[in-house]
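In what follows, a structure is listed as structure tokens, so that the remarks can point back to it.
The values are calculated or read from the model by the stated rules, or taken from the named source; none is laboratory data. This is a predicted model, so every value here is computed, not measured. All Cβ positions, even for glycine, are placed from backbone atoms using ideal geometry, and neighbour counts span all protein chains on display.
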Amino acid sequence: MTLQVTGVSLSFGGIKAVSDISFTVHPGQIVALIGPNGAGKTSLINSIAGSYVPEAGTIQWKEHRLEGRAPHTIVSYGVSRTFQNVATLHDLTVLDLVKLGVGPKLAANPALTLLGWSSVRGQEQHFRQTLTTEVLTPLGLADQADQPIQTLSYGSRKIVDLARALASRPSLLLLDEPVAGLSASEAQHVASTIHGIREKFGTTVLMVEHKMDVVMGISDRIVVMASGKKIFEGLPAEVQRDQEVRRVYLGETQ
Amino acid sequence: MKRYLPYLLFIAALAITPFLDRFVQSLVYNFAIAAMAALAVNIMIGFAGQITFAAGALIGVGAYAGGLLGNAGLDVVSLLGAGLVTAAISVFIGLPALRLRGLYFAMSTLAAQFILEYLFKNVDPVTNGLSGLLIEPPKFFGIAIDTEFRTAIAALILLLLVWLACRNLTQSQLGRAFLVMRESEIVAKGMGINVPQTKFWCFALTGFLMGIAGAMLGFSTHIANPEAFGISLSVDYVAMMIIGGLGSLTGSLIGAAFITLMPEIIQRIGEHLHLGSRIFAVREIIFGALIMLFLIFEPRGIVALFSSLKGNNQTPGASTAK
Amino acid sequence: MISMQLAVAGIAIGSVYALIALGIVLIYKASGVVNFAQGGYVMCGAYVTYALLQAGLSPFIAIPLGILLLGLLGSATEYFVLRPMLRAPVVAVMMVTLGILITMRGVVLFFYGSDTQPFPRVFPTGLMSFGGVMITSNYLIAATASVLLVVAFIIFYQRTTLGLMQRASADNNKAALAIGIHVSNQINLAWFLSSALAGFGGILLATLNGVHDSLADIGLIAFPVIVLGGLSSLGGALLAGILLGLLESFTNGMLAPTLEMWLRAHTKIYSVGAIQQVIPYAVLVLVLFGRPQGIFGKRGAERV
């Protein structure tokens, strides 16, 4: 249940987005990835989730090598992610999207879907019940289950995206700025939910986040990136003390 | 109540059909066949976001396959066979889509449309070339489908089955994956949806349904003629969806009804205006103008017009695919 | 010698394809819209000029006036149909151009029916011989005019201030706005130019084969050209147009008879039909499989 990133590099058209990054996330830890804009944090998350293929380095999760794998394969290893910018998904309700998070396997044979034997009624009803109790209610979304996503506020949509990621009961959760754009109370709620999930299921969490109070509040360790490189790794308290981090990231001058 | 409405409509249609004159019965089956194909095309374009210009040719494949199998004396199996053959060809056409997106995929379906049309015209030993393949009235479960009445009933029953299949599909995990894929393949991949596999099933299932619609079309006209399955048929189906409502099953039915009835209405009016051979031109003008007007002013089609009349703005089925 | 003959015919028809494809590329570059109606403008160009000539105007007035009117039709389309759809998804915009095409064809059929109208003789006819290669003079004029126009256009686009403004608004419309370029005027201009080019192409084709509503179909043939050439490359459109013209001509003149003989000997198929018309699409499919960005196109990067 350990995520081990070793020497990962990635570049776009000659610009190094991520260069030789290594770190380890131990089972059940919440690790935050921080750094200024353009530091390569999202690119790194995308590499772990399979959206990008790193040019060098390895990404090991449990007994699986993730680099270069298709995203849906990585999902099947118990990894799920959220997005920095949530897509406006027309026509889908909150529950629809969360159901999708469960994974594709539930749809038996798609050809039989046409006949309706396996999919509809029974299974859908079962979905609704389990997802409502396990995911929607804890996140405070139960009342909005049947609302189209496009009618929700930006903040709520981000929480729905988190709910979708949780629906598959992942053992590794990759969060890309989970509280960006949320109100203070929403952010607090999401932060405590993430913490709660870890406490309850022992989920390993890697998150990119800018809001320092959230990062300091729930992370076990922090990795600081700047210009694609890792410049520091340590406990939250150590990060706060480090001169270099303060200069690069917190924008302080001596 | 609302849940049973489709079934009530279906039973009403079955009950009325025997009392209609033969011409109106032929409108009934023309509608039912158009509706089946429109449902399939809407799943492909409106739900899964795969823009296809090959619908006309795929319906043609269904007509030829159904005709050949029916002529060979196969009972209702000829319908299933036509579905399977068309599904296979639909998947084959879709192969480039496993790598391509959007416009380029649309281009490859355009190419497929023309290549299939060419094959219909020229592979004489199979299709009987330009003179067309004559199709004998088939038998379904031993009953010869040889009158307008029987054809109408058979087409209505098939429409109900196809509609149920599409409804099941759109409410399943696969149907939801279609919707996400339509909005953004990148997001769909990121969520862990196996996009190539989802596309595969999209092409296979919609191809199967288009094949069945095509076979029924061939059985109703008693001929599969290459001219009938040209690009203009593909365009008709795209138009049907825009007018009816992209991404809405009800919209497909409305669009099919509209496209079946409009020429008749123009014809009736035209008799007074002495349009003569210009009726086709008038149909094209109205058609084109409606496509433009709907896309500019109500991109969600007639379905949305209905629901906004009822003051209900939460119609499932926005056409806002990217 | 036959191959020279075929080559000349291929270049002639290919250069007209290039002319029409160029118009599609132009609009695509300016606004990201794929114009399915391009063939409609070709057809309208032929009919409008035909009507002007019927009205008794001399070709020297009718042809430039026809091209100008087509340009204005393109401008008007952009203003009344495309501009209200600025925020609509790309797919809807593509579909709307399909609606334009259907309407145009309906209007033409309404007024002229589906009979071929003979286009009045505007260019001198007769055969010319170049070192043994025979070519009808109107073919030669059509080919020369299209090639010159395409090349002139590329020079305009690359070298003049207006061309620079077109390119700037195509590359980055926000940046173009910021430096004071009126982007929507540039898009309108692109439609004007593109339709005028199509209108000119329509006149050329009409001089070769008469006026018929099937002239609109050439818009569909232009798509293999632009995919082969890469959607946003003007030079690519020219090369790909000529390449496909050659392919079509050689298929017609050499491959088809050979294939037909083989088929007659070995199968029950007696004719290959209009195989030259599907060859571009077969090439299109192969190109899409092997190199989706086109032969001359550049690959774009995706971001999550």
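Of all residues in the stretch C:163-206, those being out of contact with any helix residue (DSSP H, G or I) (no Cβ under 8 Å at 6 or more places or on another chain) and either of a type in the set (Phe, Trp, Tyr) or closer than 21 Å to C:Ala76 by Cα (or both) number 2. If you check C:Ala170, C:Ala152, C:Ala178 for being small (Gly, Ala, Ser), more than 30 Å from C:Leu6 (Cβ to Cβ) and surrounded by fewer than 19 Cβ atoms within 10 Å (Cβ to Cβ), only one passes: C:Ala178. For the stretch B:135-156, a tally of residues being free of Cβ contacts under 8 Å to residues at least 12 places away in the same chain and of a type in the set (A, V, I, L, M) returns 2.
Sub-7 Å Cβ pairs linking a first residue in the stretch C:225-250 that is more than 18 Å from C:Gly10 (Cβ to Cβ) to a second residue that is of a type in the set (S, T, N, Q), at least 6 apart or interchain, are C:Gly230/C:Gln293, ordered by first then second residue. Say whether the condition of being surrounded by 23 or more Cβ atoms within 10 Å (Cβ to Cβ), closer than 19 Å to A:Arg169 by Cα and touching a His at 6+ places or on another chain (Cβ under 9 Å) is met by at least one residue in the stretch A:207-223. No, the stretch A:207-223 contains no residue that is surrounded by 23 or more Cβ atoms within 10 Å (Cβ to Cβ), closer than 19 Å to A:Arg169 by Cα and touching a His at 6+ places or on another chain (Cβ under 9 Å).
What's the number of the condition B:Leu100 fails, among (1) closer than 30 Å to A:Asn85 by Cβ; (2) within 14 Å of chain A (Cβ to nearest Cβ)? Against the list (1) closer than 30 Å to A:Asn85 by Cβ; (2) within 14 Å of chain A (Cβ to nearest Cβ), B:Leu100 comes up short only on (2). All conditions in (1) among the acidic types (Asp, Glu); (2) over 28 Å from B:Leu58 (Cα atoms); (3) at pLDDT 85 or above hold for B:Asp236, with the sole exception of (2).
Residues that are over 20 Å from the mean Cα position of the chain (by Cα) and more than 18 Å from C:Gly32 (Cα to Cα) number at least 1 in the following helices (runs of 4 or more DSSP H) confined to the stretch C:157-247: C:161-171, C:173-178. If you go through the stretch C:39-58 one residue at a time, do you hit one that is within 14 Å of another protein chain (Cβ to nearest Cβ), assigned to a helix (DSSP H, G or I), modelled with pLDDT of 95 or more and touching a His at 6+ places or on another chain (Cβ under 9 Å)? Yes, the stretch C:39-58 contains at least one residue that is within 14 Å of another protein chain (Cβ to nearest Cβ), assigned to a helix (DSSP H, G or I), modelled with pLDDT of 95 or more and touching a His at 6+ places or on another chain (Cβ under 9 Å). If I filter the stretch B:135-146 for residues that are assigned to a helix (DSSP H, G or I) and more than 7 Å from every other protein chain (Cβ to nearest Cβ), do I get at least one hit? So far as the stretch B:135-146 goes, no, none of its residues is assigned to a helix (DSSP H, G or I) and more than 7 Å from every other protein chain (Cβ to nearest Cβ). Restricting the stretch B:191-205 to residues that are at the interface with chain A (Cβ under 8 Å from one of its Cβ atoms) and more than 18 Å from A:Gly103 (Cβ to Cβ), the residue that is surrounded by the fewest Cβ atoms within 10 Å (Cβ to Cβ) is B:Ala204.
If you go through the stretch C:104-139 and keep only what is without any contact (Cβ under 8 Å) to a residue 24 or more places away in the chain, within 24 Å of C:Val16 (Cβ to Cβ) and facing chain B (nearest Cβ under 7 Å), you end up with just C:Val107.
Just one of the numbered conditions (1) polar (S, T, N, Q); (2) free of Cβ contacts under 8 Å to residues at least 60 places away in the same chain; (3) surrounded by 14 or more Cβ atoms within 10 Å (Cβ to Cβ) is not true of C:Thr161: (3).
Total residues in the stretch B:147-168 satisfying the condition of being crowded, with 16+ Cβ neighbours inside 10 Å and either more than 22 Å from the chain's Cα centre (by Cα) or within 14 Å of chain A (Cβ to nearest Cβ) (or both): the figure is 9. Of the residues making up the stretch A:167-184, those that are within 13 Å of chain B (Cβ to nearest Cβ), of a type outside the set (Ser, Thr, Tyr) and touching a Gly at 6+ places or on another chain (Cβ under 7 Å) are A:Ala167, A:Pro170, A:Leu172. Please determine whether any residue of the stretch B:173-180 is under 30 Å from B:Leu5 (Cα atoms), more than 7 Å from every other protein chain (Cβ to nearest Cβ) and either touching a Gly at 6+ places or on another chain (Cβ under 8 Å) or modelled with pLDDT of 95 or more (or both). Yes, some residue in the stretch B:173-180 is under 30 Å from B:Leu5 (Cα atoms), more than 7 Å from every other protein chain (Cβ to nearest Cβ) and either touching a Gly at 6+ places or on another chain (Cβ under 8 Å) or modelled with pLDDT of 95 or more (or both).
Let's see how each residue does on (1) farther than 21 Å from A:Val208 by Cα; (2) of a type in the set (Val, Ile, Thr); (3) touching a helix residue (DSSP H, G or I) at 6+ places or on another chain (Cβ under 7 Å):
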{"position": "A:Ala17", "(1), (2), (3)": "no, no, yes"}
{"position": "A:Lys41", "(1), (2), (3)": "no, no, no"}
{"position": "A:Pro54", "(1), (2), (3)": "no, no, yes"}
{"position": "A:Ala70", "(1), (2), (3)": "yes, no, no"}
{"position": "A:Ser80", "(1), (2), (3)": "no, no, yes"}
{"position": "A:Lys99", "(1), (2), (3)": "yes, no, yes"}
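Applying the selection to the stretch A:163-211, what residues are of a type outside the set (S, T, N, Q), over 12 Å from the mean Cα position of the chain (by Cα) and closer than 21 Å to A:Asn85 by Cβ? Correct list: A:Ala167, A:Ala180, A:Gly181, A:Leu182, A:Ala184, A:Glu186, A:Ala187, A:His189, A:Val190, A:Ala191, A:His210, A:Lys211.
Let's see how each residue does on (1) under 19 Å from the mean Cα position of the chain (by Cα); (2) polar (S, T, N, Q); (3) within 21 Å of B:Asp236 (Cα to Cα):
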{"site": "B:Val61", "(1), (2), (3)": "yes, no, yes"}
{"site": "B:Leu84", "(1), (2), (3)": "yes, no, no"}
{"site": "B:Leu110", "(1), (2), (3)": "yes, no, yes"}
{"site": "B:Ile115", "(1), (2), (3)": "no, no, yes"}
{"site": "B:Phe120", "(1), (2), (3)": "no, no, yes"}
{"site": "B:Thr127", "(1), (2), (3)": "no, yes, no"}
{"site": "B:Ser131", "(1), (2), (3)": "no, yes, no"}
{"site": "B:Pro137", "(1), (2), (3)": "no, no, no"}
{"site": "B:Ile143", "(1), (2), (3)": "no, no, no"}
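Scanning the stretch C:85-99 for residues that are touching a residue at least 60 places away in the same chain (Cβ under 8 Å) and either at the interface with another protein chain (Cβ under 7 Å from one of its Cβ atoms) or assigned to a loop (DSSP other than H, G, I, E, B) (or both) returns a single hit, C:Leu98. Restricting B:Ile223, B:Ile212 to residues that are surrounded by fewer than 23 Cβ atoms within 10 Å (Cβ to Cβ), within 30 Å of B:Ala72 (Cβ to Cβ) and in contact (Cβ under 8 Å) with a residue 40 or more places away in the chain narrows the list to B:Ile223. Restricting attention to the stretch B:270-295, the residues being at pLDDT below 80 and within 15 Å of C:Leu101 (Cβ to Cβ) number 0.
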